[in-house]
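I have placed the structure first, in the form of structure tokens, so that the comments after it can refer back to it.
Taken together, the values in this text are just the output of simple stated rules run on the coordinates, not laboratory data. For clarity, every value in this text was computed on a predicted model and none was experimentally measured. With ideal geometry, Cβ positions are generated from the backbone for all residues, glycine too; neighbour counts draw on all protein chains shown.
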Amino acid sequence: METKIPKSMIAGVQSVMPVEVTQHRKVRSITVEDPVGVGIFRRTLNMVTYYKQAEAGDSGERGWLVAGWIKESLGRALTEQPMISGRLRRRRTSTEEDGLELEVVANDSGVRLVEARFPASLPEFIEMVKRDKSRAEAETVFWRDIDEDNPQFSPLFYLQVTNFEKGGYAIGISCSLLIADILLETDFLTKWAQIQSSLAHSKTTLKPIFHLPSRKKDKDLGHFLVDFSRSPSVLDRGEPLVFRAKTCSEMSLATVKDTVRERASSDVFLFVKEQGDGMKVEIHSRSDEAISDCDCGGVLEETVVGVVNVSLAFQDKLEGSSCWVGSVSKGLVLVVPSTFGDTKSVAKFVVALPKK
């Protein structure tokens, strides 16, 4: 019997931009032969954490307060990583034969902050997750696929704060794989959490500027709550793993490709960070000839990935967490944020295995 999963209703959508205008607008070039075929417009990294208020008296409004502080704290955090609030756009190459390429530009267009209400209690929702994890958790994150023809209008990062009945809330993140390494490789989430905690605890007698609970009372539900369509990318999910590469003076990207390809049951979609701020998307078939030039052996160590251990929720109790990569049905996705050739560092990879 199929589990019935109610829909989250959207109470509000806001844009969050860096609090300061980005003076030096960085650009990340995207090299890919067939962006539609590879599906880079529909591939996401998703994280969600569930919280229950530590203090009694939460009537289902705590999430609105958290969302208000998040808009302020995230705006400050984005000043250090403005690429997250940028946009993907097409650009013409130097030669007419090459046609158009893609790039992400830090133009301060902003990320989307979605506030939602789920028509069940947090314990009831957790039971739904146990029965149908994919469909249930898809209601706690919001994502709309990047427009393939006009990508410059599509956000690359969504944040959803979901209030549950009788208390408790969830914080869900969805971001394009094209910028996922910014979350994985930098301390962005940690710094953002520190700003969030500082704002909340230094102004305990004040409400955040963007805290508008008076517009979200139960009597007004029929006037403002809507069911926004979400892209199915968050439903088609692969459970991510972390590959940590042991240091080796002879290790190369070719070595990693060969090692991962051996473990894959289908084609490998490789998102690899190039020198500078570039990103290259490649497709490697299992039938490709091995080109490894390293005889180190056992260069990759596999561990299960978890949600980054930071709190965006004051002192509220963590009830659970989840992390997955969306839209990997056609094969394994590998994100390689680290630069190869530096024997002093340990390269990290996030791998999403396709759903069987």
Pull up all non-local amide H partners of ASP316: gap of 5 or more, or a different chain, and H-to-H distance under 5 Å with H placed in the peptide plane. ALA54
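When MET17, MET83 are ordered from fewest to most other Cβ atoms inside 10 Å of their Cβ, what list results? Display every interim value, and only then the final one.
On the way: MET17 18, MET83 22.
Arranged by neighbour count, lowest to highest, MET17, MET83 become MET17, MET83.
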Burial ordering of TYR51, TYR169, TYR158, fewest other beta-carbon atoms within 10 Å first: TYR158, TYR51, TYR169
Just subtract the alpha-carbon distance of ASP132 and THR186 from 0.36 nm times their residue separation and send over the number in nm, one decimal. 16.2 nm
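Quick one: grab the alpha carbon gyration tensor of segment 66-160, order the square roots of its eigenvalues as a ≥ b ≥ c, and give me rounded if a/c is under 1.5, else prolate or oblate depending on whether a/b is larger than b/c.
Details: a/c = 3.94, a/b = 1.82, b/c = 2.17.
Judged from the Cα gyration tensor, segment 66-160 comes out oblate (a/c at least 1.5, b/c at or above a/b).
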At 7 Å along Cα-to-Cβ for each site, give me the label-to-label distance between ILE283 and GLU33 in nm. 0.8 nm
Just want the ordering: ASP108, ASP277, from fewest to most Cβ atoms lying within 10 Å of their own Cβ. ASP277, ASP108
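Report the calculated FRET efficiency for SER198 and GLN23 (r = Cβ-Cβ distance, R0 = 35 Å), to the nearest 0.05. Could you put the intermediate results ahead of the total?
On the way: r = 24 Å, r/R0 = 0.70.
Efficiency computed from Cβ-Cβ geometry: 0.90.
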